[in-house]
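Inspection log for the structure reproduced underneath, given as structure tokens.
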Amino acid sequence: GNYVDDVTLPGMLHMDIVRSPFAHAKIKKIDTTAALKVPGVLAVITGGAGIIAMMVLVRSPINYFHFAGLLLVLMYSFTFSKLRFVYTTIAAWVIVGLYEVAALWIMRVPLQVFLHDNFFFFSANLIGMFSCYQREWYTRKEFLQNKMVKEFEAKNHLMEKEGILLPDGEFQPMV
């Protein structure tokens, strides 16, 4: 049988997806210099920019449906990425901005499609920003509450140790 991997066409490009080997690791930087030095590598694309690149390269009516992939990237970045609110918001709006440039100046998307996509991108960003802000706010609130409880317990332990506070919470009169 023939498989897609067996087909070679003139000018054909290949794609490789690289994921982190560490679950829930904090990504501080993505260094693409080593990948760009590999012979035959034309570009290294990260995040939602990969979907936008596919939209530009596919050049068919099908590329109008890639906006759903961008919506998934936006939803993932706001809900599961564990990035801080500010960084997630910046990244999401950069993705939308890249789409705007690609749709208007490179792909020449019809106005109706452009408006349709933008309605969903803007809605997804605003809803995502709200949910991400709430998640970060509650995470910070929980952190501060836990810190206050630990400080309170440490003070109580010290007072018990010095005999100022009895284990049941009563104060011992100073003699």
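Details
- In terms of its C-alpha gyration tensor, the range 104-163 has a prolate overall shape, because the principal axis ratio a/c (a ≥ b ≥ c, square roots of the eigenvalues) is not below 1.5 and a/b outweighs b/c.
- Pairs of C-alpha atoms in the range 1-73 farther apart than 16 Å represent 66 percent of all such pairs.
- Inter-probe distance in nm under a simple model that places probes 7 Å from Cα toward Cβ, at THR8 and ILE164: 8.1 nm
- Among MET54, MET12, MET129, the largest mean-square fluctuation in a Gaussian network model of the chain, built with springs joining Cα atoms closer than 10 Å, belongs to MET12.
- Protection proxy ranking of 110-116, 91-97, 28-34 - average other beta-carbon atoms within 10 Å, highest first: 91-97, 110-116, 28-34
- The chain: most fluctuating residue of MET15, MET75, MET55 per GNM, C-alpha cutoff 10 Å: MET15
- Straightening the chain between ASP16 and ASN156 buys 44.7 nm, computed as 0.36 nm per residue apart minus the Cα-Cα spacing.
- Label-to-label distance, TYR138 versus PHE80, with points set 7 angstrom from Cα along the beta-carbon direction: 1.8 nm.
Read the figures in this text as sums done on the coordinates, not as results from a lab. Every value quoted in this text rests on a predicted model; they were computed, and no experiment measured them. Neighbour counts run over all protein chains shown; Cβ positions are idealised from the backbone, glycine included.
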